[in-house]
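Chemist: A single structure is presented below for examination.
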Amino acid sequence: MKLELFNEETNKIWKQVSSGPNANRLQFELDIYKKLLNFFQVGGYYYIIFNIGMLDFDYTSPQVEAVLGYKVSEFNRPLFMEIIHPDDRPWLLAYETKASEFLMSLPLEKLMKYKIRYDYRLKNKGGGYTRILHQSVIVEHDNDGRITRTLSVETDITHLKPEGKPVFSIIGMDGEVSYLDINVKNKFTKSSETLTRREKQVLTLLIEGKLSKEIGIILNIRKQTVDMHRKNMLRKNNLSTTGELIGKAIRQGWL
């Protein structure tokens with residue numbers, strides 16, 4: 001997809017969900033740090049605060065240089081749009097359209113209870129492509145539900161997914177329903193995820209590198225119970241190792 005058309009179409013989508021450039025600036029720093037806790041990173045990552053009304057980045061974290069090679073001072077939205085792999089632009093456009101439709105259909109109190117997740121490729125400073133796992137949540141909206149700012153955590157998953165088409169999911173938080181591997185041409189269907197709430201808690205701590213004994217202390221359960229949850233998760237997903245479990249959880253957006 002040509003860059004000019006890609007820019008034009010994405011701007012239309014984002015303006016539909018935004019209250020425009022004159023939206024009041026709210027005190028959202030506390031929300032940002034709270035939302036950061038809902039993400040997990042395996043590999044390098046950076047994060048962006050996207051001002052949808054202004055169609056620009058309010059902030060990009062310094063880690064972008066370690067992931068992509070660009071300095072913060074040069075990494076702006078025009079550059080970002082330019083370095084998206086041309087073959088991934090149609091996917092991203094379709095995903096943003098679907099995400100906007102979904103978010104605009106939600107009641108006000110549920111806007112901040114969903115995480116948009118998909119992967120795509122960005123050209124790094126060295127000229128190659130890095131596969132990025134994009135995870136985005138709303139951190140600011142007005143009283144009418146018009147979205148003003150989002151927080152996106154961008155994780156390098158090239159080592160986990162060197163090739164293959166992008167995958168789009170909407171992850172429910174605080175007990176909301178998740179929609180995994182969405183076909184953007186079809187209506188949303190509920191996920192058939194098999195992990196229990198406790199198993200998700202154990203998996204999250206495994207991703208953080210915790211041992212079974214440490215997880216038991218944190219969750220106030222016996223080490224043997226933690227090991228049982230680990231075995232159950234492997235069995236349910238026909239996997240052999242915890243590493244395989246973590247890799248699948250990342251690729252399919254279970255958390």
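Chemist: What tally of residues in the stretch 190-231 results from selecting those that are under 26 Å from residue 170 (Cβ atoms) and open to solvent by less than 40 Å² (accessible area, probe 1.4 Å)?
Modeler: 9
Chemist: Among the residues of the stretch 25-41, is any of a type in the set (Phe, Trp, Tyr), surrounded by fewer than 13 Cβ atoms within 10 Å (Cβ to Cβ) and either at pLDDT below 70 or touching a Lys or Arg at 6+ places or on another chain (Cβ under 6 Å) (or both)?
Modeler: The answer is yes, given that some residue of the stretch 25-41 is of a type in the set (Phe, Trp, Tyr), surrounded by fewer than 13 Cβ atoms within 10 Å (Cβ to Cβ) and either at pLDDT below 70 or touching a Lys or Arg at 6+ places or on another chain (Cβ under 6 Å) (or both).
Chemist: Shifting gears a bit: Of all residues in the stretch 59-113, which are surrounded by 15 or more Cβ atoms within 10 Å (Cβ to Cβ) and part of a strand (DSSP E or B)?
Modeler: Result: 60, 84.
Chemist: Under 8 Å by Cβ, and 6 or more places apart or on different chains, what pairs join a residue from the stretch 90-110 that is more than 22 Å from residue 3 (Cβ to Cβ) and at pLDDT below 90 with one that is of a type outside the set (Asp, Glu) and in a helix (DSSP H, G or I)?
Modeler: 104/16; 104/17
Chemist: Given 114, 118, which one is of a type in the set (Phe, Trp, Tyr) and over 27 Å from residue 3 (Cα atoms)?
Modeler: 114
Chemist: Please go through the stretch 126-145 and give me each residue that is outside any strand (DSSP E or B) and either crowded, with 16+ Cβ neighbours inside 10 Å or at pLDDT below 90 (or both), ordered by number.
Modeler: The answer is 142, 143, 144, 145.
Chemist: Return yes when residue 183 is at pLDDT below 90, farther than 23 Å from residue 133 by Cα and loosely packed, with under 15 Cβ neighbours inside 10 Å and no when it is not.
Modeler: no
Chemist: Given the conditions (1) assigned to a helix (DSSP H, G or I); (2) over 30 Å from residue 102 (Cα atoms); (3) at pLDDT below 90, and given that residue 225 satisfies all but one, which numbered condition is not satisfied?
Modeler: Of everything listed in (1) assigned to a helix (DSSP H, G or I); (2) over 30 Å from residue 102 (Cα atoms); (3) at pLDDT below 90, residue 225 misses just condition (3).
Chemist: So residue 202 ticks every box in (1) at pLDDT 90 or above; (2) farther than 13 Å from residue 249 by Cα; (3) over 18 Å from the mean Cα position of the chain (by Cα) but one. Which box is left unticked?
Modeler: In the conditions (1) at pLDDT 90 or above; (2) farther than 13 Å from residue 249 by Cα; (3) over 18 Å from the mean Cα position of the chain (by Cα), residue 202 misses (2) alone.
The values are calculated or read from the model by the stated rules, or taken from the named source; none is laboratory data. As the structure is a computational prediction, the values presented were derived from the model and not from experiment. So basically every Cβ, Gly included, is an ideal-geometry build from the backbone, and we count neighbours across all protein chains shown. Note: accessible area is taken over every heavy atom of the protein model, side chains too, but ligands, DNA and RNA are not part of it. Shrake-Rupley method; radii C 1.70, N 1.55, O 1.52, S 1.80 Å.
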